[in-house]
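Novice: One structure is given below, represented as structure tokens, and several questions about it will come after.
The values are calculated or read from the model by the stated rules, or taken from the named source; none is laboratory data. Note that the structure is predicted; figures quoted are calculated from it, not measured. Heads up, the Cβs are rebuilt from the backbone with ideal geometry, glycines too, and the neighbour counts pull from every protein chain shown.
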2 protein chains.
Amino acid sequence: MNEKTISSQRAFDGRLLKLDVLEVELDNGRRARREIVRHPGAVAIWARAPDGRFVFVRQFRKAIEQELVEVVAGTLEAGETPEACARREIREETGYAVKTLTPLGSIFTAPGFCTERIFLFYAELATSGPADPDPDERLDVVLLDEAAWKAMISRGAVQDAKTWAAWGMFEARRRRTDARRRTADRTPNEEQRTNNQELIAD
Amino acid sequence: MNEKTISSQRAFDGRLLKLDVLEVELDNGRRARREIVRHPGAVAIWARAPDGRFVFVRQFRKAIEQELVEVVAGTLEAGETPEACARREIREETGYAVKTLTPLGSIFTAPGFCTERIFLFYAELATSGPADPDPDERLDVVLLDEAAWKAMISRGAVQDAKTWAAWGMFEARRRRTDARRRTADRTPNEEQRTNNQELIAD
């Protein structure tokens, strides 16, 4: 399947977003209009504090006129790698230092009309200093143990798509790691090697 | 926390999307610019075929120039309820009839810059007829049993944010239902009542 671009017109050229209106040709020869929001991409981090609790931020989101509890996240700056962006956002939004940072994968938030791709990470955090948020952002750090997080799921209070994806990828990775650990109880060297490959040391 | 709107200007007024540029005042008195994409909202459905397999669609997404496997989903039409939209999208995209439809909750796909809210459902499907897709959409139905779906997660092939959220909410609901069923083995009438409340019969 494919859609060939027949024409593309820039309809908005903003500071964060751009918007193009495309005419495309489908495989079946039909033509269709596509309104596409261009976004620079972002990162999101499933983070654990030194005491084992999960680290979130609560912030007011103007687009939806309400507060939301979300994983730590932020927009890629020009030329910035996802890893560097993740370290920067953790420092700015939470004040914690990063002990280990592991890529989990990536998602598209709204592939029907938006280019935004979010690179997801799992981070184990070390000692915290003061947070240093962007002056345009107001946010609170929220620490939840696993039972409190699951209670939040049960009462329908997890409403941020990237946070669901980060949790799903973290859980899948934990299941794989646990399975490997059970195998490695028989062959310890194998486990050591596999874990090292996955970690990006600080 | 709050952000007061100082001014708002419509910068794009499209067929699907609108885009406003806002000046806002933060709690701390600072002013900031917000570029906000207005979207009519959507639905997404974690669906099971009569044989127990999960139902997805594979489609080419122009915004990201690649194919994606996603849950059945679609945009709300003017005046349409999420339930009616879910039934319509299942019929159009897959050809299946809906046996039961259960609301799972809702998510925001990109709350930092977009109003889109997706209402999520769990659907058990009945006999299928021919699909009747939107002429502007080309898609294939993909049926996966749970092992194949989990293998897809493990190889990093689940890249759609709403699909992650639908899976997480489906799993959380299944855990609750299983827990209630275990309790109800002792008090059968209680289980009957609780399940009926959650279902929207066709």
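Novice: Would you tally the residues in the stretch B:102-138 being assigned to a strand (DSSP E or B) and within 27 Å of A:Ala165 (Cα to Cα)?
Specialist: 17
Novice: Still on this model: Could you tell me which residue of the stretch B:134-143 is surrounded by the most Cβ atoms within 10 Å (Cβ to Cβ), considering only residues that are within 11 Å of chain A (Cβ to nearest Cβ) and in contact (Cβ under 8 Å) with a residue 40 or more places away in the chain? I'd like the intermediate steps shown before the answer.
Specialist: Our first condition is that a residue be within 11 Å of chain A (Cβ to nearest Cβ); within the stretch B:134-143, this holds for B:134-140.
Remaining after also requiring in contact (Cβ under 8 Å) with a residue 40 or more places away in the chain: B:134, B:137-140.
Working: B:Asp134: 13, B:Glu137: 15, B:Arg138: 18, B:Leu139: 20, B:Asp140: 14.
Looking at the filtered set, the residue picked out is B:Leu139.
Novice: Right, next: Would you mind stating whether B:Val37 is in a strand (DSSP E or B), more than 7 Å from chain A (Cβ to nearest Cβ) and surrounded by 17 or more Cβ atoms within 10 Å (Cβ to Cβ)?
Specialist: So B:Val37 fails the test.
Novice: Still on this structure, please answer the following. Among (1) of a type in the set (Ser, Thr, Tyr); (2) touching a strand residue (DSSP E or B) at 6+ places or on another chain (Cβ under 8 Å); (3) surrounded by fewer than 18 Cβ atoms within 10 Å (Cβ to Cβ), which single condition is A:Thr81 missing?
Specialist: The one condition A:Thr81 does not meet is (2).
Novice: Among the residues of the stretch B:104-133, write down those that are touching a residue at least 60 places away in the same chain (Cβ under 8 Å) and surrounded by fewer than 15 Cβ atoms within 10 Å (Cβ to Cβ).
Specialist: B:Ala126, B:Thr127
Novice: Right, A:Gly95: surrounded by fewer than 22 Cβ atoms within 10 Å (Cβ to Cβ), in contact with a strand residue (DSSP E or B) (Cβ under 7 Å, 6 or more places away or on another chain) and modelled with pLDDT under 95 or not?
Specialist: Yes; evaluated as a whole, the condition is true for this residue.
Novice: Taking A:Leu104 as meeting all but one of (1) away from chain B (no Cβ under 11 Å); (2) aliphatic (A, V, I, L, M); (3) within 30 Å of B:Arg155 (Cβ to Cβ), write down the number of the exception.
Specialist: (1)
Novice: Sticking with this structure for a sec: Would you check which residues across the stretch A:67-88 are within 20 Å of A:Gly168 (Cβ to Cβ) and out of contact with any Asp or Glu (no Cβ under 6 Å at 6 or more places or on another chain) and list them?
Specialist: Within the stretch A:67-88, A:Val69, A:Val71, A:Ala73, A:Pro82, A:Ala86 meet the criteria.
Novice: Condition first: within 10 Å of chain B (Cβ to nearest Cβ), assigned to a strand (DSSP E or B) and loosely packed, with under 14 Cβ neighbours inside 10 Å. Now tell me which residues in the stretch A:5-32 satisfy that.
Specialist: Answer for the stretch A:5-32, where residues must be within 10 Å of chain B (Cβ to nearest Cβ), assigned to a strand (DSSP E or B) and loosely packed, with under 14 Cβ neighbours inside 10 Å: A:Thr5, A:Asp13, A:Arg31.
Novice: Where residues in the stretch A:119-133 are away from chain B (no Cβ under 13 Å) and of a type outside the set (Gly, Ala, Ser), which of them is nearest to the chain's Cα centre (by Cα)?
Specialist: Pass one, the stretch A:119-133, residues away from chain B (no Cβ under 13 Å): A:121-132.
If we keep only those that are of a type outside the set (Gly, Ala, Ser) too, we end up with A:121-122, A:124-125, A:127, A:130, A:132.
Details: A:Phe121: 7, A:Tyr122: 9, A:Glu124: 15, A:Leu125: 16, A:Thr127: 22, A:Pro130: 22, A:Asp132: 19 Å.
Within the stretch A:119-133, the match that is nearest to the chain's Cα centre (by Cα) is A:Phe121.
Novice: In the list A:Val43, A:Val57, which residue meets the criterion of being at pLDDT 95 or above, more than 21 Å from B:Gln66 (Cα to Cα) and in contact with a strand residue (DSSP E or B) (Cβ under 6 Å, 6 or more places away or on another chain)?
Specialist: The conditions single out A:Val57.
Novice: Has the stretch A:128-145 got any residue that is touching a strand residue (DSSP E or B) at 6+ places or on another chain (Cβ under 6 Å), of a type in the set (Ser, Thr, Tyr) and modelled with pLDDT under 95?
Specialist: yes
Novice: Out of everything in the stretch A:62-101 that is more than 14 Å from chain B (Cβ to nearest Cβ) and assigned to a strand (DSSP E or B), what residue ends up being nearest to A:Lys162 (Cα to Cα)?
Specialist: Checking each candidate, the answer is A:Leu101.
The rows are residues; the columns are (1) more than 21 Å from B:Arg176 (Cα to Cα); (2) surrounded by fewer than 18 Cβ atoms within 10 Å (Cβ to Cβ); (3) out of contact with any helix residue (DSSP H, G or I) (no Cβ under 9 Å at 6 or more places or on another chain).
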residue: A:Asp145; (1), (2), (3): no, yes, yes
residue: A:Ala151; (1), (2), (3): no, yes, yes
residue: A:Ala157; (1), (2), (3): no, yes, no
residue: A:Trp164; (1), (2), (3): no, no, no
residue: A:Gly168; (1), (2), (3): no, no, no
residue: A:Glu171; (1), (2), (3): no, yes, no
residue: A:Arg174; (1), (2), (3): yes, yes, yes
residue: A:Arg182; (1), (2), (3): yes, yes, yes
residue: A:Arg186; (1), (2), (3): yes, yes, yes
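Novice: For the structure I just gave you, tell me whether A:Glu80 is of a type in the set (Asp, Glu) and touching a residue at least 60 places away in the same chain (Cβ under 8 Å).
Specialist: It is false that A:Glu80 is of a type in the set (Asp, Glu) and touching a residue at least 60 places away in the same chain (Cβ under 8 Å).
Novice: Going through the stretch B:51-66 one residue at a time, which ones are over 21 Å from B:Phe170 (Cα atoms) and either of a type in the set (Ser, Thr, Tyr) or crowded, with 16+ Cβ neighbours inside 10 Å (or both)?
Specialist: Start the filter on the stretch B:51-66 by keeping residues that are over 21 Å from B:Phe170 (Cα atoms), which leaves B:59-66.
If the condition is that a residue be over 21 Å from B:Phe170 (Cα atoms) and either of a type in the set (Ser, Thr, Tyr) or crowded, with 16+ Cβ neighbours inside 10 Å (or both), then B:Gln59, B:Phe60, B:Arg61, B:Lys62, B:Ala63, B:Ile64 are the ones that fit.
Novice: Given the condition at pLDDT 95 or above, over 17 Å from the mean Cα position of the chain (by Cα) and of a type in the set (A, V, I, L, M), answer yes or no: does some residue in the stretch B:156-164 qualify?
Specialist: Within the stretch B:156-164 (the criterion being at pLDDT 95 or above, over 17 Å from the mean Cα position of the chain (by Cα) and of a type in the set (A, V, I, L, M)), the answer is yes, since at least one residue qualifies.
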